[in-house]
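Take a look at the structure below.
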Protein chains: 2
Amino acid sequence: MRGAVLYAPGDVRFEERADPKIINATDALIRTAATCVCGSDLWDYRGINPVEQPTPFGHEYVGIVEEVGSEVTAVKPGQFVIGSFFASDNTCANCRNGYQTNCLHREFVGAEGCQAEKIRIPLADGTLVATPEQPAEEHIPSLLACSDVMGTGWYAAVAAEVRPGDTVAVVGDGAVGLCAVIAARELGAERIIAMSRHEPRQKLAREFGATDIVAERGEEGIARIKEMTGGIGADRVLECVGTQESMRQALPSTRPGGHVGFVGVPHGVALDGQELFYSHVGLRGGPAPVRAFLPDLIDRVLSGRINPGKVFDLTLPLEQVADAYQAMDERRAIKALLMP
Amino acid sequence: MRGAVLYAPGDVRFEERADPKIINATDALIRTAATCVCGSDLWDYRGINPVEQPTPFGHEYVGIVEEVGSEVTAVKPGQFVIGSFFASDNTCANCRNGYQTNCLHREFVGAEGCQAEKIRIPLADGTLVATPEQPAEEHIPSLLACSDVMGTGWYAAVAAEVRPGDTVAVVGDGAVGLCAVIAARELGAERIIAMSRHEPRQKLAREFGATDIVAERGEEGIARIKEMTGGIGADRVLECVGTQESMRQALPSTRPGGHVGFVGVPHGVALDGQELFYSHVGLRGGPAPVRAFLPDLIDRVLSGRINPGKVFDLTLPLEQVADAYQAMDERRAIKALLMP
């Protein structure tokens, strides 16, 4: 089969690789129906994370089960499935607490690269969720979005404890930030402020439920949020970038007693204990436990309530994966869908 | 009147000072019924916080109202009152959200020193809570405890979102940590692990509701907590010290998806964003909005449900305030009560 391999910053190749095989009795093999490039892949593509050797890439996927190990009982060949980027047993204490990305037996599904024609999914019973039937073509992008960006945006809102009536600000207008707007709306936020300077993204944010757009950043951005919230800040702020600047945007934009959910993988983010203390702001982040949300998110997609697949504004054949990286790196695309 | 003044590290003097007066129409004057020394006073007494000039000290108090400004309507002369160390209007947006220590008009009551015979309380209507009648002598220490340490321990548990059935670990066996044990018990925690190496404090922690004691610290302490919690950590950890060591004790002792409430004023505490991210631990701290909890805490004291006054293991006449500081500095006393 063929798949994407990152050789060095800026150098993604689509090449012949060994077919994945069932290794453990709890594995499943899937034939990829759709995959995509994640904002977090760009950390490596841009050389911010070191690339030490040719590395298979990608961690988002939907597909058709081809084969299952002898212990797999929850999914079977022929089913259309969605899973998280972390495989989880869904039975350990952390899974039962709803933090499947901290499963005591977790494995990173992306380790073997999901931007590929076939994927091995460890711990298939605890990781994959099958749709009731083969989904319509039109639902595939949104189902794929659930495997990471929609699940991650959802977790941002859950981690920030968004409640009905809240004013929510979203920092970051990438695919995750845009999906976080959907999540805030679905969880009942009354006012949703998307921080964005890019017209097409502002438009999509509004379509997803944003009631206000703030184009200012830094101190001006904070001042603008405070001005809109009676001088105190937003009830909840969803930090969907992962830089020191975005965290410095999020915390002071939150009111005392409010909450920041942070889902951008932090790169060089340091927090001052005393500043956090006097802010009275609550903070929770982490890799989203997508598995916990999948059944609900799949329902919302199939019933037409949410359409996160709109974040894909570029669709390419999987073999053009290098173009997909380049388009996202140059911000010509919000997110690129890849069809094998 | 007479009151305590900190001249330099280790140099507390009890001396004649000007009587406080009504300055604003929203002020009240109280005659101190009891006051005390706070663990946070020791940061200054020990020279960790700089002492730049002779400074009146103390911020915990209960007393009898002597005089009120023309706009004060909620309390009247002769009433026994308790208030927080921060004066708050209790009407602004932050107060309405339950964060009175972030009141838009807050004033630090301790600015003029509460280890004194008389105290001016700004924003009296929003700050003071009167007891239904003159309290019995035996309740005074517990009512005094509510003005800071019990309120702060309570907030640690609220900030950590303690719920019935939880396993809670408390880092710090000072008066706040011990009161946090009471709070965890009152909020329904099933298992309460007090981290303490001091036998008298362990004993009081057990009396307050601790079900387990962990004497180990650092990596050993973390390992012990994990061992007691199926390998994952406590549901909630209450950090009641404020040092980098205590935060480093608290965070890794918390399970993924758990929560740390931190109420020790942070001194040199830095948090790594990526570490916090992968831990999935929620975090909220701050100066406790004691005012929010006072009516409830006063009820619990007067009904005999809680007896936080037991943290006072030394009672001295107010004029011996210097001895009180010394005893606490040398850890001969958990907390010293001062009677004018």
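When A:A336, A:A322 are checked against the criterion of being in contact with a Lys or Arg (Cβ under 9 Å, 6 or more places away or on another chain), among the small types (G, A, S), farther than 19 Å from B:L271 by Cβ and not in a loop (DSSP other than H, G, I, E, B), a single residue qualifies: A:A322. Selection of the stretch B:27-72 for residues being touching a strand residue (DSSP E or B) at 6+ places or on another chain (Cβ under 9 Å) and over 27 Å from B:T315 (Cβ atoms) yields B:D27, B:Q53, B:E67, B:V68, B:G69, B:V72.
Taken over the stretch A:163-175, residues that are in contact with an Asp or Glu (Cβ under 8 Å, 6 or more places away or on another chain) and either away from every other protein chain (no Cβ under 13 Å) or crowded, with 21+ Cβ neighbours inside 10 Å (or both) amount to 6.
Note on the stretch B:24-41: among residues that are assigned to a strand (DSSP E or B) and more than 22 Å from the chain's Cα centre (by Cα), the one that is nearest to B:G126 (Cα to Cα) is B:A28.
Residues in the stretch A:47-90 that are farther than 14 Å from A:P122 by Cα and among the hydroxyl-bearing types (S, T, Y): 1 in all.
Scan the stretch A:77-92 and give yes if some residue there is within 30 Å of B:R236 (Cβ to Cβ) and without any contact (Cβ under 8 Å) to a residue 12 or more places away in the chain, otherwise no. The answer is no; no qualifying residue exists.
Let's see how each residue does on (1) assigned by TED's automatic domain parsing to the domain that holds A:I334; (2) touching a helix residue (DSSP H, G or I) at 6+ places or on another chain (Cβ under 9 Å); (3) over 27 Å from A:D41 (Cβ atoms):
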position	(1), (2), (3)
A:A160	no, yes, no
A:L178	no, yes, no
A:H198	no, no, no
A:D212	no, yes, yes
A:A223	no, no, yes
A:K226	no, yes, yes
A:V237	no, yes, no
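A single entry from B:R305, B:R332, B:R300 fulfils the requirement of being among the charged types (D, E, K, R) and modelled with pLDDT under 95: B:R332.
Taking the stretch A:42-55, which residues are of a type in the set (D, E) and either assigned to a loop (DSSP other than H, G, I, E, B) or in contact with a helix residue (DSSP H, G or I) (Cβ under 7 Å, 6 or more places away or on another chain) (or both)? Answer for the stretch A:42-55, where residues must be of a type in the set (D, E) and either assigned to a loop (DSSP other than H, G, I, E, B) or in contact with a helix residue (DSSP H, G or I) (Cβ under 7 Å, 6 or more places away or on another chain) (or both): just A:E52.
Limited to the stretch B:231-246, what total is found for residues that are surrounded by fewer than 24 Cβ atoms within 10 Å (Cβ to Cβ) and either of a type outside the set (S, T, Y) or touching a Leu at 6+ places or on another chain (Cβ under 6 Å) (or both)? So the answer is 4. Once the stretch B:7-23 is narrowed to residues that are aliphatic (A, V, I, L, M) and assigned to a strand (DSSP E or B), the residue that is surrounded by the fewest Cβ atoms within 10 Å (Cβ to Cβ) is B:A8. Residues of the stretch B:59-84 that are small (G, A, S) and in contact with an Asp or Glu (Cβ under 7 Å, 6 or more places away or on another chain): B:G69, B:A74. Restricting the stretch B:85-95 to residues that are more than 9 Å from chain A (Cβ to nearest Cβ), outside any loop (DSSP other than H, G, I, E, B) and over 12 Å from B:T26 (Cβ atoms), the residue that is nearest to the chain's Cα centre (by Cα) is B:F86. Filtered by the rule that a residue be surrounded by 22 or more Cβ atoms within 10 Å (Cβ to Cβ) and not hydrophobic (A, V, I, L, M, F, W, C), the stretch A:119-133 gives A:R120, A:P122, A:G126, A:T127. Where strands (runs of 3 or more DSSP E) fall wholly inside the stretch B:204-285, the ranges with 2 or more residues that are at the interface with chain A (Cβ under 9 Å from one of its Cβ atoms) and not aromatic (F, W, Y) are B:254-262, B:270-272, B:282-285.
Residues are listed down the side, and each one gets a yes or a no for (1) under 30 Å from B:H267 (Cα atoms); (2) small (G, A, S):
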position	(1), (2)
B:G3	yes, yes
B:V12	yes, no
B:D19	no, no
B:A28	no, yes
B:A34	yes, yes
B:G39	yes, yes
B:L42	yes, no
B:R46	yes, no
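Check whether at least one residue in the stretch A:56-79 is away from chain B (no Cβ under 14 Å), more than 18 Å from A:L29 (Cβ to Cβ) and either assigned to a loop (DSSP other than H, G, I, E, B) or at pLDDT below 95 (or both), and report yes or no. So far as the stretch A:56-79 goes, yes, one or more of its residues are away from chain B (no Cβ under 14 Å), more than 18 Å from A:L29 (Cβ to Cβ) and either assigned to a loop (DSSP other than H, G, I, E, B) or at pLDDT below 95 (or both).
Count of the stretch B:288-305 residues, restricted to those that are buried (at least 24 other Cβ atoms within 10 Å of the Cβ) and not in a helix (DSSP H, G or I), is 2. The lone criterion from (1) within 19 Å of A:N97 (Cα to Cα); (2) basic (K, R); (3) more than 11 Å from every other protein chain (Cβ to nearest Cβ) left unmet by B:K310 is number (1).
Quick check, is A:L144 under 19 Å from the mean Cα position of the chain (by Cα), closer than 30 Å to A:F86 by Cβ, crowded, with 24+ Cβ neighbours inside 10 Å and assigned by TED's automatic domain parsing to the domain that holds A:R331? Criteria met by A:L144. For B:T167, the test of being touching a Pro at 6+ places or on another chain (Cβ under 9 Å) and in contact (Cβ under 8 Å) with a residue 12 or more places away in the chain is failed. Filtering B:D11, B:D89, B:D19 for residues that are charged (D, E, K, R), at pLDDT 95 or above, in contact with a Cys (Cβ under 8 Å, 6 or more places away or on another chain) and in the same structural domain as B:R331 (by TED's automatic domain parsing) leaves a single hit, B:D89. Here is the figure for the stretch B:96-140: residues that are in contact (Cβ under 8 Å) with a residue 40 or more places away in the chain and either within 11 Å of chain A (Cβ to nearest Cβ) or among the hydroxyl-bearing types (S, T, Y) (or both) total 7. From the residues in the stretch B:24-65 that are among the aromatic types (F, W, Y) and out of contact with any Ser or Thr (no Cβ under 7 Å at 6 or more places or on another chain), which one is surrounded by the most Cβ atoms within 10 Å (Cβ to Cβ)? Ranking the candidates gives B:F57 first. Only one entry of B:A136, B:A111 meets the criterion of being within 24 Å of A:I232 (Cβ to Cβ), of a type outside the set (K, R) and surrounded by fewer than 24 Cβ atoms within 10 Å (Cβ to Cβ), and that entry is B:A111. B:G230 meets each of the listed conditions (1) in contact (Cβ under 8 Å) with a residue 12 or more places away in the chain; (2) in contact with a helix residue (DSSP H, G or I) (Cβ under 6 Å, 6 or more places away or on another chain) apart from (1).
Within the stretch A:59-76, the set of residues being without any contact (Cβ under 8 Å) to a residue 60 or more places away in the chain and within 16 Å of A:A116 (Cα to Cα) comprises A:G63, A:I64, A:E66.
The values are calculated or read from the model by the stated rules, or taken from the named source; none is laboratory data. Predicted, not measured: the structure shown is a model, and the values here were computed from it. Note that each Cβ is placed from the backbone with ideal geometry, even for glycine, and that neighbours are counted across all protein chains shown.
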